[in-house]
Amino acid sequence: MIKFLRGLFSNDLLIELSGQKIIIRMLGKGKVLEYEPYIAVEGSGEKSVVKSVGYEAKFQSGTNIQIINPFTHPRSFVADFYGAEKLLQHGLYEMYKSQFFKPAPRIIMHQLEKTEGGLTNVEERVLIELAFGCGARDVVIYVGDKLDSNGVTYNEVKRKIPS
C-alpha cells in the first residue's frame, strides 16, 4: 500500500550504467543527472561510512578511506554490490531531493558495457536487486542500443522484453 502511494508521486526512470558514468534520466521530463561512479568509503565492514560520491570522491584522502568504482572488474560488470547500491541511492536522492514525499519509481536498468551475448541470470539479478535496493517499485532490464528518454515509455520497453 505504501509503495502504491509512493508510486503516485514518482516518474519512470532510465538508469544507464557504465564504468565511466552513471546517467539517470526521467522519462518524458528531460531531467538528467550524470555523475562519475566513484564512492569514498571510510572504515570497514558494518562500520563503513560513505564520505562522498562522484567526482569529489576521487580526491578524498585519509588513512582509512577507500575510493571505489564498483563498475570496474575484469570479468563482470558489478565488482562491489554495496558501493553500486549506494551510488544509485545517491542518484535517486539527487533526482527527487526537492520533493516532500520519497517516491518509488519504475526503473529501466540499462547496462552499457560487457553485454556481448546478453546478460546472464546472475547479472540480471544483480541489476534488479540494485534497483530495488534504491527504492524502485518495478524494474525492467534493457539490453540494446541507447534509448531516447523523451520518446519512450516504461510500458513500451517492458512490452519489448521477452518474459
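Overview of values
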{"quantity": "Residues of region 97-128 classified as under 22 Å from M26 (Cα atoms), touching a Phe, Trp or Tyr at 6+ places or on another chain (Cβ under 9 Å) and not hydrophobic (A, V, I, L, M, F, W, C), total", "calculated": "8"}
{"quantity": "Residue count, region 99-117 (criterion: more than 22 Å from D148 (Cβ to Cβ) and either more than 16 Å from the chain's Cα centre (by Cα) or without any contact (Cβ under 8 Å) to a residue 60 or more places away in the chain (or both))", "calculated": "7"}
{"quantity": "Filtered residues of region 43-66 (kept if on the phi < 0 side of the Ramachandran plot and in contact with a Phe, Trp or Tyr (Cβ under 6 Å, 6 or more places away or on another chain))", "calculated": "A57, K58"}
{"quantity": "Failed criterion for P162 (all others in (1) without any contact (Cβ under 8 Å) to a residue 12 or more places away in the chain; (2) surrounded by 12 or more Cβ atoms within 10 Å (Cβ to Cβ) hold)", "calculated": "(2)"}
{"quantity": "Wholly enclosed strands (runs of 3 or more DSSP E) of region 13-130 bearing at least 1 residues acidic (D, E) and surrounded by fewer than 16 Cβ atoms within 10 Å (Cβ to Cβ)", "calculated": "32-35"}
{"quantity": "Of all residues making up region 116-125, the number that are under 24 Å from E156 (Cα atoms) and at pLDDT 90 or above", "calculated": "6"}
{"quantity": "T72, sole failed condition from (1) closer than 16 Å to Y38 by Cα; (2) polar (S, T, N, Q); (3) touching a residue at least 12 places away in the same chain (Cβ under 8 Å); (4) out of contact with any Gly (no Cβ under 9 Å at 6 or more places or on another chain)", "calculated": "(4)"}
{"quantity": "Condition check for V50: at pLDDT below 90, among the aliphatic types (A, V, I, L, M) and closer than 24 Å to E16 by Cβ", "calculated": "yes"}
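The values are calculated or read from the model by the stated rules, or taken from the named source; none is laboratory data. All values reported here derive from a predicted model rather than from experimental measurement. Here the Cβ is made from the backbone with ideal geometry for all residues, glycine too, and neighbour counts use every protein chain on show.
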